[in-house]
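Peer 1: Once you've had a glance at the structure underneath, I'll fire off some questions.
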Amino acid sequence: MIIKAADSIHEHIQQLEYIHSLGLNNIQSRQVQIWLKSLKHDYQVEKNSAYFIDHHFSDNKDWAVIHQLRLWQGSYLIQPSHLLINRHLQCFFFKSKSFHPGLTVTNDGTFQVVSSRGYKVIESPLAQNAKQKAALCNFISNKGIRARKLFKSLSPIFLDGVLVPSSSFIRRPQRPQLDVDHIIHADQVAEFIDTQQASLPTSKDTISSKKLKQFAEALVSYHSPVKTDYFQRLGIAPINEVKAVSTNQYQCAKCNTDISETVARFCLKHVRRFKGKQYCYSCQQFYSV
């Protein structure tokens, strides 16, 4: 059962595309393009992994599925791309990663991806997962999130994996001492979970689907969505707030705020969306693309 779907990026895309239409300087324009490309790419990578997870687990009442969870532990951000929890309270922590064209793990345990300048060394995604898992375990304990069977409180068991697109290659080291089997293609997620469960001791402690749902929902209640003010990051103010360039000739059709000619032209350019009317940036949010 799906407890939380991925957050929409529509508002972020809309704000960035709006900013890009404002006549930025070359540096600002390139930065906006980088943000747009990265935002759309990362969303697609996680959406790809979510497809395979949902295909196997969305209708299964023995599993709770959480996508794109963001939890703050003090100043530290815990951010599993996908979290799957079953009635034994086995929690599978997955991060979706994009390694194009692929990932190489050398015999000395170095993680490398191909860049324009050859191979680029990156931090171990497995080490990143280990930190995030430990933080999530502490978070659940500190918030007092529990699932009980009769008078017994069950302790979560954490397992993890790194999901990469099926189109990316994974070159593993020849040394058997280096275990990188937890880096898998996204379409292998169900088989991976089956294998991991088979390696665990058989547990007789099982909670009901209702209590599983309550546990997952309690965790999701602390979710902190991404809120980014791209105007602020670029060091510019929203156009409808820049009084020096606004005139009485153009006003928002909804709130009557003075707007600039640039904002008015943007609305007229998108006549199908705004029905030929002009709106300030804040009121534009009420009209979907």
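The values are calculated or read from the model by the stated rules, or taken from the named source; none is laboratory data. Since we're looking at a predicted model, the values are computed, not measured. FYI the Cβ positions are ideal-geometry reconstructions off the backbone, even for glycines, and counts take in every protein chain you see. What goes into the accessible areas is simple: the full protein's heavy atoms, side chains included, and nothing from ligands, DNA or RNA. Shrake-Rupley method; radii C 1.70, N 1.55, O 1.52, S 1.80 Å.
Peer 1: How charged is the neighbourhood of residue 113? Take every other residue with its Cβ under 13 Å from the Cβ of residue 113, and add Lys/Arg as +1 and Asp/Glu as -1. Working shown, then result.
Peer 2: Values: positive: 97, 117, 120, 171; negative: 123.
That works out to +3.
Peer 1: Charges only on Cβ, +1 for Lys and Arg, -1 for Asp and Glu: so what's the dipole of segment 1-155 about the Cα centre, in debye to the nearest 20? List each step's numbers first, then the result.
Peer 2: Working: 19 positive and 10 negative charges, 117 e Å.
So the magnitude is around 560 debye.
Peer 1: Would you mind checking the tilt of helix 26-57 against the longest principal axis of the Cα atoms of the chain, expressed as 0 to 90 degrees and rounded to 10?
Peer 2: Between helix and principal axis, roughly 40 degrees.
Peer 1: Moving on to the next point. Quick one: putting +1 on the C-beta of Lys and Arg, -1 on the C-beta of Asp and Glu, what dipole do you get for the chain around its Cα centre, in Debye to the nearest 20?
Peer 2: Numbers: 36 positive and 22 negative charges, 104 e Å.
In debye, rounded to 20, the chain gives about 500.
Peer 1: On to the next question. Solvent-accessible area of residue 261, probe 1.4 Å, all protein chains present, reported in Å² to the nearest ten, please.
Peer 2: Estimated to the nearest 10 Å², residue 261 gives 90 Å².
Peer 1: To the nearest 10 degrees, how steeply does helix 189-198 sit against the main Cα axis of the chain, on a 0 to 90 scale?
Peer 2: Relative to the chain, helix 189-198 is tipped by roughly 30 degrees.
Peer 1: Still on this structure: Quick one: in segment 1-158, what % of C-alpha pairs are over 29 Å apart? Show your work: numbers first, answer last.
Peer 2: Values: 4309 of 12403 pairs.
Result: 35 percent of Cα pairs exceed 29 Å.
Peer 1: Need one number: nm distance between label points at residue 33 and residue 127, each 7 Å from Cα along Cα→Cβ, rounded to one decimal.
Peer 2: Going by the 7 Å Cα→Cβ label model, 3.5 nm.
Peer 1: Accessible area per residue for segment 17-171 in Å², computed with a 1.4 Å probe and the full protein assembly in place, what is it?
Peer 2: On the way: 7990 Å² over 155 residues.
On a per-residue basis, 52 Å².
Peer 1: Subtract the Cα-Cα distance of residue 196 and residue 178 from 0.36 nm times their separation in residues, and report this length gain in nm to one decimal. Walk me through the intermediate numbers first.
Peer 2: On the way: separation 18, 0.36 × 18 = 6.48 nm, distance 1.74 nm.
Length gained between residue 196 and residue 178: 4.7 nm.
Peer 1: Test of understanding: express the Cα radius of gyration of segment 134-262 as a ratio to 2.2 N^0.38 Å, with N the residue count. Before the final figure, lay out the partial values.
Peer 2: Values: Rg = 25.7 Å, N = 129, 2.2 N^0.38 = 13.9 Å.
For segment 134-262, the normalised Cα radius of gyration comes out at 1.84.
Peer 1: When only Cα pairs under 8 Å and 6 or more residues apart are kept, what is the percent relative contact order across the chain?
Peer 2: Details: 429 pairs, mean separation 52.0, N = 289.
Computed over the chain, the figure is 18 percent.
Peer 1: Segment 154-201 to segment 106-123: how many Å between their Cα centroids?
Peer 2: Cα centroid to Cα centroid, the span is 20 Å.
Peer 1: Considering only protein heavy atoms, with the full assembly of protein chains and a 1.4 angstrom probe, order 282, 49 by accessible area, largest first.
Peer 2: Values: 282 70, 49 5 Å².
Largest to smallest exposure gives the sequence 282, 49.
Peer 1: Towards the positive end of the charge dipole of segment 1-99, with charges on Cβ (+1 Lys, Arg; -1 Asp, Glu), say which of 63, 2, 28 has the farthest Cα.
Peer 2: 28
Peer 1: Give, rounded to the nearest 20 debye, the magnitude of the charge dipole that segment 1-44 has about its Cα centre when Lys and Arg contribute +1 at Cβ and Asp and Glu contribute -1 at Cβ.
Peer 2: Values: 4 positive and 4 negative charges, 26 e Å.
Using Cβ point charges on Lys, Arg, Asp and Glu, segment 1-44 gives about 120 debye.
Peer 1: Still on this structure, please answer the following. Please determine, in degrees from 0 to 90 and to the nearest 10, the orientation of helix 10-20 with respect to the longest principal axis defined by the Cα atoms of the chain, where the helix direction is its Cα long axis.
Peer 2: Between helix and principal axis, roughly 40 degrees.
Peer 1: Still on this structure: Ordering 221, 75 from largest to smallest accessible area (1.4 angstrom probe), what's the sequence? Walk me through the numbers on the way to the answer.
Peer 2: Values: 221 85, 75 110 Å².
Most to least solvent-accessible, the answer reads 75, 221.
Peer 1: While we're looking at this one, here's another question. Which percent of the accessible area of the chain is formed by carbon and sulfur heavy atoms (probe 1.4 angstrom)? Don't skip to the answer; put the middle values down first.
Peer 2: Values: 8010 of 16150 Å².
Heavy-atom surface of the chain belonging to carbon and sulfur, 1.4 Å probe: 50 percent.
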